[in-house]
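The values are calculated or read from the model by the stated rules, or taken from the named source; none is laboratory data. Since we're looking at a predicted model, the values are computed, not measured. No Cβ is skipped: glycine too gets one built from the backbone with ideal geometry, and neighbour counts run over all protein chains shown.
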Amino acid sequence: MLDIDSRLRVARGIAKTETQASTEVFQTLQRRGHPDGPPPTISDGWGGIAEAMIAVYGLVPAYGGRGRPPTRKKPGSGWQYVQMVKQRDERGRVQGTKIRVVFGKKAEVLALLGESTAYIERSHLTSRLFNGRLGRKTLAFSKDPAMTRAVAIWEDGYYNLVCPHKSLRLSVADGAGQRRQPRTPAMDC
């Protein structure tokens, strides 16, 4: 999970399925400062995120007194989640994207999040470059998922605390040979 404003990686889930990994992410976010509901979220077309949101943050509705009492969790009223589904041609090349609003109103969600998954896709590319275990067809692999988690933690620490990002640079006014001051995502928080 990536904070769009600061580019800070705030949570990561590594599991066998997309739903399990998303559940890990939302449990981490719940512990770290979002106890009432999930943050506004944008993702690609893969599934599992809506189910994870409901599993972690959903509430069972109050019993109305008639029929069987409800047992399934329901999403909250203020949740905002949108998917950007890639449309591909017969060769698999991306032709465009389609917006699918899962929770919330389309205008409000898009005004808040925008219409792009570019930040998270760039973060995935950076992860694959920093961490050979995430790349396809590679000799750097982990037999144990705990080792993959450990390397991912190191990689997130490096990304957040050490690696400067060009999009976060600040202009320097004094002109002492340096025009911009490099900044890391953790420096913006």
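Couple of notes before you dig in:
- Scanning segment 162-189 for residues that are surrounded by 12 or more Cβ atoms within 10 Å (Cβ to Cβ) and either within 20 Å of residue 11 (Cβ to Cβ) or modelled with pLDDT of 90 or more (or both) turns up 163, 165, 168, 184, 185, 186, 187, 188.
- In segment 28-35, the count of residues that are among the polar types (S, T, N, Q), modelled with pLDDT of 90 or more and surrounded by 15 or more Cβ atoms within 10 Å (Cβ to Cβ) is one or more.
- Pairs linking a residue in segment 63-85 that is in a loop (DSSP other than H, G, I, E, B) to a residue that is modelled with pLDDT of 90 or more and surrounded by fewer than 10 Cβ atoms within 10 Å (Cβ to Cβ), with Cβ atoms under 6 Å and 6 or more positions apart or on different chains, do not occur.
- Scan of segment 1-14 for residues that are under 24 Å from residue 147 (Cβ atoms), out of contact with any Lys or Arg (no Cβ under 8 Å at 6 or more places or on another chain) and touching a residue at least 24 places away in the same chain (Cβ under 8 Å), ordered by number: 9, 12
- Residue match in segment 121-131 (condition: closer than 19 Å to residue 49 by Cβ, surrounded by 14 or more Cβ atoms within 10 Å (Cβ to Cβ), touching a helix residue (DSSP H, G or I) at 6+ places or on another chain (Cβ under 7 Å) and without any contact (Cβ under 8 Å) to a residue 40 or more places away in the chain): yes
- Segment 134-152 - residue that is of a type in the set (S, T, N, Q) and assigned to a loop (DSSP other than H, G, I, E, B) and, of those, surrounded by the most Cβ atoms within 10 Å (Cβ to Cβ): 142
- Segment 22-68 - residue that is of a type in the set (A, V, I, L, M) and touching a Lys or Arg at 6+ places or on another chain (Cβ under 8 Å) and, of those, farthest from residue 81 (Cα to Cα): 60
- Output for segment 99-116, where each listed residue is more than 17 Å from the chain's Cα centre (by Cα) and part of a loop (DSSP other than H, G, I, E, B): 104, 105
- Lone unmet requirement of (1) closer than 19 Å to residue 100 by Cβ; (2) more than 11 Å from the chain's Cα centre (by Cα); (3) touching a residue at least 24 places away in the same chain (Cβ under 8 Å) for residue 54: (3)
- Of everything listed in (1) within 26 Å of residue 142 (Cβ to Cβ); (2) among the hydroxyl-bearing types (Ser, Thr, Tyr); (3) at pLDDT 85 or above, the single unmet condition for residue 63 is (1).
- Test: residue in segment 54-67 that is surrounded by 12 or more Cβ atoms within 10 Å (Cβ to Cβ) and among the basic types (Lys, Arg): no
- Among the residues examined, residue 121 qualifies as charged (D, E, K, R), within 20 Å of the chain's Cα centre (by Cα) and modelled with pLDDT under 80.
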